[in-house]
1. Please sort 58-67, 18-27 by packing, taking for each peptide the average over its residues of neighbouring beta carbons within 10 angstrom, highest first.
2. Calculate the tail of P(r) for region 48-89: the fraction of all Cα-Cα distances greater than 17 Å, expressed in %.
3. Per-residue HN-Hα couplings for region 20-35, Karplus 6.51 cos²θ - 1.76 cosθ + 1.60 at θ = phi - 60°, whole Hz, x for Gly and Pro?
4. So who's got an amide H within less than 5 Å of the one on residue 28, skipping anything under 5 residues away but keeping other chains? H placed 1.01 Å off N, in plane.
Amino acid sequence: MSKHKKKKTRRDVAQIARENLEKIIREKLSGEPLETEPESQEEDARNPAAVALSKLGASKGGKARAAKLSKKKRSEIARTAAKARWRKGR
């Protein structure tokens, strides 16, 4: 099995800006409609009550977990997170 890397196509900043502008105005600059509608325009099919209940549980979960951890364990978790942030920033 060959391990060829795909060539990355370089795009001009102006091309990217034009595409973003066309997405915002929902049509091409020439006046033609876009071929596909943006996915974010789709209606949310989730149950609003279930979404609210999920958010409520999520906001409580982190606080409950932190309350049951020992100070030593919380310190270890924080140290690991700080190391990861430093490695990512390099």
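Values in this text are rule-based calculations from the coordinates and carry no lab data. In this text, all values refer to a predicted model and were calculated from it rather than measured experimentally. Cβ coordinates were reconstructed from backbone atoms using ideal geometry, including for glycine residues, and neighbour counts include every protein chain displayed.
1. Numbers: 58-67: 9.3, 18-27: 11.5.
Highest-to-lowest ranking by the protection proxy: 18-27, 58-67.
2. 53 percent
3. 5, 5, 5, 5, 5, 7, 6, 7, 6, 5, 7, x, 6, x, 5, 5
4. The answer is 34.
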